[in-house]
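For reference, the structure is listed below as structure tokens.
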Amino acid sequence: MDPNANRNALLSVLGTMLVLAMVHLAGSHGTEYQIRILNNIAIFIILAVSYNLINGVTGQFSLAPNAFVALGAYTSSLLTLTPAEKEISFIIEPCIWPLSVITTPFIVSLVAAGLVSALLAFAMGFPVFRTRGDYLAIVTLGFGEVVRVIANNTQSITNGPLGLKGIAEHTTLWWSWGFAIVTIFLVARLIRSSYGMAMKAIKYDEAAAEAVGINTYWHKMLAFTTSGFFQGIGGGLLAHLITTISPTLFTFFLTFNLLIIIVMGGLGSTTGAVLGAFLFTWGGEWLRFVDEPMDLGFTEIPGIPGMRMVIFSCILIFIMIFARHGIMRTREFSWNWLCGKLGIGGRLR
């Protein structure tokens, strides 16, 4: 056995245990606001890491994650709401059978959300991957809008523009961070596999990849379907965190936020997607103080609502100017690098 592989496996387990210990401490001693921010970070990690698989690793400019998140959110919510709760929510048209009488445990609803979103991604892939480049972006953007419009007009399934309310708040730090860890692990393993190598080859030169025998169509389908699966789970977690959803929540603005995250972190880097999700979610909240009046002693600055987004946008522009390929570029976190910096490499061999 490779000693470096054994060491990396041990450090990965220890790192996971450290994250879980921090989750336990945050859940026990954190405020409700802090716990909400940590849940948001974990959900955006799931969405960003899975979105990076198709956009960053495979190089396919998809603009459809809002469709998968919406489908996952509605699927999970409809499966966890009780028949009585659905009867109260659907006041214009009753919920269709069998959704009107089905109630499942939270974990079952999340898996179903992922599977339904993956099925949509698989079905979308047939027409989508007959195009390339900007045309692919336009087609996926159109599919995202189609899903939102359907959700806005199917009264008997999604309750239309009224949305779904009274969703149980099942999402906890254990659920969100547990799925975040699983998503990072599985996506990272996929990227390091032969399938991941083929996806990277497609990104850099699709014609050359086809020339050496790579079935580019089905590798893109694999990346797109896998991405849709995890985005559906992320949507289910989001719905059971905010406890109310409507079609206005799943506009292109959600896709735009995820695009900012993966570009800021570095296209093709899973580590970058994690860092980008953390900085985007936590940074946006940390800057809230600039919206409030500030007394500097020699002068008082009045509060300007929305100023935090202006500053946040300037920070993003600064990053794009001085780190055009993102914070991590295409690099990944390495235990060997960390051990070398801490000077403990020899002791772990």
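Okay, here's what the table says:
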item: Where a residue in the range 292-308 is part of a loop (DSSP other than H, G, I, E, B) and modelled with pLDDT under 70 and its partner, wherever it lies, is loosely packed, with under 10 Cβ neighbours inside 10 Å and of a type outside the set (A, V, I, L, M, F, W, C), with Cβ under 8 Å and at least six apart; result: G303/P293
item: The range 185-207 residues that are under 20 Å from R132 (Cα atoms), paired with ones that are surrounded by 13 or more Cβ atoms within 10 Å (Cβ to Cβ) and among the basic types (K, R) (beta carbon under 7 Å, 6 or more apart); result: I202/K220
item: Pairs with Cβ under 6 Å, 6+ apart, first in the range 250-279 and assigned to a helix (DSSP H, G or I), second surrounded by 24 or more Cβ atoms within 10 Å (Cβ to Cβ) and among the basic types (K, R); result: none
item: From V116, V149, residue being closer than 23 Å to F61 by Cα, surrounded by 17 or more Cβ atoms within 10 Å (Cβ to Cβ) and hydrophobic (A, V, I, L, M, F, W, C); result: V116
item: Whichever residue in the range 198-249 is of a type in the set (V, I, T) and farther than 24 Å from S156 by Cα and, among such residues, is surrounded by the most Cβ atoms within 10 Å (Cβ to Cβ); result: I202
item: Residues (part of a helix (DSSP H, G or I) and surrounded by fewer than 13 Cβ atoms within 10 Å (Cβ to Cβ)) located in the range 312-326; result: S313, C314, I317, F318, I321, F322
item: Inter-residue pairs, beta-carbon under 7 Å, first closer than 16 Å to S100 by Cβ and in the range 69-83, second surrounded by fewer than 24 Cβ atoms within 10 Å (Cβ to Cβ) and among the basic types (K, R), 6+ apart; result: none
item: Matching residues in the range 208-239 - criterion: being polar (S, T, N, Q) and in contact (Cβ under 8 Å) with a residue 24 or more places away in the chain; result: T225, T226, S227, Q231
item: Residue check, S12 under 25 Å from T271 (Cα atoms), exposed (fewer than 15 other Cβ atoms within 10 Å of the Cβ) and in contact (Cβ under 8 Å) with a residue 24 or more places away in the chain; result: yes
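The values are calculated or read from the model by the stated rules, or taken from the named source; none is laboratory data. Only a predicted model underlies this, so the values are computations on that prediction, with no experimental measurement involved. Counting neighbours? That spans all protein chains shown, and the Cβs are built from the backbone with ideal geometry, glycine included.
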